[in-house]
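Structure first, then comments.
The values are calculated or read from the model by the stated rules, or taken from the named source; none is laboratory data. Since we're looking at a predicted model, the values are computed, not measured. Virtual Cβ from ideal backbone geometry, glycine too; neighbours counted across all protein chains shown. What goes into the accessible areas is simple: the full protein's heavy atoms, side chains included, and nothing from ligands, DNA or RNA. Shrake-Rupley method; radii C 1.70, N 1.55, O 1.52, S 1.80 Å.
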Amino acid sequence: MTLLEVNDLTTYYKLKEGRVRACEGVSLRLEKGEALGLVGESASGKTTVALSLIKLLPENASIAGGSIKLDGKELVTAAEEEMRKIRWKEISIIFQGAMNALNPVRTVGDQIAETLKIHDKLTDREAWQRTRALFEKVEIDPDRVREYPHEFSGGMRQRAMIAMAIACNPRLVIGDEPTTALDVMVQAQVLQLLQQLREEIEMGLILITHDLSVVGETCDKVAVMYAGQIAEYGPTEEVFTRPAHPYTRALIAAFPDIEGERALASSIPGNPPNLLYPPPGCRFHERCSEAKPLCREAQPRTININNHHYASCHLLDRQVKSCRA
Ligand SMILES: Nc1ncnc2c1ncn2[C@@H]1O[C@H](COP(=O)(O)OP(=O)(O)OP(=O)(O)O)[C@@H](O)[C@H]1O
Ligand code: SF4
Ligand SMILES: [Mg+2]
């Protein structure tokens, strides 16, 4: 059963110089209980997609088009009042840099208990009981519920944020680099916890990470973003073993440790384009070793390679014969 269906999502940031085209024509689909990895270099638009899905964008950003359906319900046109009911209860987020996302003047437990009281209509007593149980779940001593964020270590704050994100058993959790600040042991525990919840409550997960091996271990599907667009999308194993897009191939080659073997990593030459002025044609053409003249002029179509595997590259398009010449 489909949990999330995103079609042609487009989000821009307004600056005085113009529009930053940080998310353009993004389409994704997630079944109940599935995990989707969202990968791509820094500034490719991953956080913009995440914040668009939960509609917590900065003031200078707006969703310019497209559709986000959660359990069939359209979120793009949902009013903020409606979103307040959906956030945390149906869809929640572990923010990038979550260590600083907690309110410094309220105890950590207070913040989680309040979420539970508002969304799950728990009594004060029930909310505190559940907060203690959540602390245990993320392996923080429940006797520390009355402490303030500054009394927690960085890793504890990150885990507290995770407790907050899973408090109301949401249908979908978005983890924006949820484990980046944690040491390897805690990182593994957190990923295991998220996996466990997927099984227990059929929670969907969108995992944003730079770590392709984590995606390989955790995610059923992967979406590869480049310069605000999805370059390739499909089942993780298939995309990682048979990448169809030159950017995905470059990203995999640049990652040192995708299958536990330490290969010689080669970095992708050049830099991603400035999204205030993205280049015409394929946004990857300036860095693509396989680019043809057409790539500088026309944007590639999204091609269905086989069952649920898609990529946007002229080389895969049978109708674009001149490009292959
Ligand atoms: N508030 C903002 N105003 C203007 N531009 C922004 C704003 N936030 C992000 N951007 C731009 O949008 C683009 C996408 O940024 P985003 O944060 O979504 O990338 P990311 O893939 O999450 O990167 P990272 O891996 O570094 O977290 C970048 O070009 C970034 O500079
Ligand atoms: S469309 Fe052209 S530039 Fe873009 S990835 Fe394919 S070959 Fe490279
Ligand atoms: Mg980000």
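Here are the numbers for this structure:
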| read-out | value |
| --- | --- |
| Failed item, numbered, when Asn60 is tested on (1) within 16 Å of ligand 3 (Cβ to nearest atom); (2) over 26 Å from Met1 (Cα atoms) | (1) |
| Evaluation of Thr11 against (1) touching a helix residue (DSSP H, G or I) at 6+ places or on another chain (Cβ under 7 Å); (2) under 27 Å from Leu191 (Cβ atoms) (one fails), failing number | (2) |
| Identity of the residue in segment 14-42, away from ligand 3 (no atom under 14 Å from the Cβ) and outside any strand (DSSP E or B), that ends up least open to solvent (accessible area, probe 1.4 Å) | Gly33 |
| Tabulated pairs, segment 267-285, first under 14 Å from Cys295 (Cβ atoms) and open to solvent by less than 20 Å² (accessible area, probe 1.4 Å), second of a type in the set (Phe, Trp, Tyr) and within 16 Å of ligand 3 (Cβ to nearest atom), C-beta under 6 angstrom, 6+ apart or interchain | Phe284/Tyr226 |
| Residue check for Asn274: assigned by TED's automatic domain parsing to the domain that holds Glu17, modelled with pLDDT of 95 or more and away from ligand 2 (no atom under 15 Å from the Cβ) | yes |
| Failed item, numbered, when Leu53 is tested on (1) at pLDDT 95 or above; (2) more than 16 Å from ligand 3 (Cβ to nearest atom) | (2) |
| Verdict on Thr115 being touching a residue at least 40 places away in the same chain (Cβ under 8 Å) and outside the structural domain of Tyr233 (by TED's automatic domain parsing) | yes |
| Looking only at segment 200-223, and only at residues there that are open to solvent by 20 Å² or more (accessible area, probe 1.4 Å) and within 24 Å of Phe240 (Cα to Cα), the one that is nearest to ligand 3 (Cβ to nearest atom) | His210 |
| Number of the exception - Asn304 against (1) more than 12 Å from ligand 2 (Cβ to nearest atom); (2) in a loop (DSSP other than H, G, I, E, B) | (2) |
| Exclusive hit being of a type in the set (A, V, I, L, M, F, W, C), outside any helix (DSSP H, G or I) and either within 16 Å of ligand 1 (Cβ to nearest atom) or not assigned by TED's automatic domain parsing to the domain that holds Cys295 (or both), set Ile162, Ile230 | Ile230 |
| Criterion: under 15 Å from Ile208 (Cα atoms), free of Cβ contacts under 8 Å to residues at least 60 places away in the same chain and either surrounded by 18 or more Cβ atoms within 10 Å (Cβ to Cβ) or more than 16 Å from ligand 2 (Cβ to nearest atom) (or both) - qualifying residue of Ser62, Ser52 | Ser52 |
| Check on Asp143, part of a helix (DSSP H, G or I) and open to solvent by 80 Å² or more (accessible area, probe 1.4 Å) | yes |
| Residue within segment 172-186 that is open to solvent by less than 30 Å² (accessible area, probe 1.4 Å), touching a residue at least 60 places away in the same chain (Cβ under 8 Å) and closer than 30 Å to His285 by Cβ present | yes |
| So His314, is it open to solvent by 20 Å² or more (accessible area, probe 1.4 Å), touching a residue at least 24 places away in the same chain (Cβ under 8 Å) and away from ligand 1 (no atom under 16 Å from the Cβ) | no |
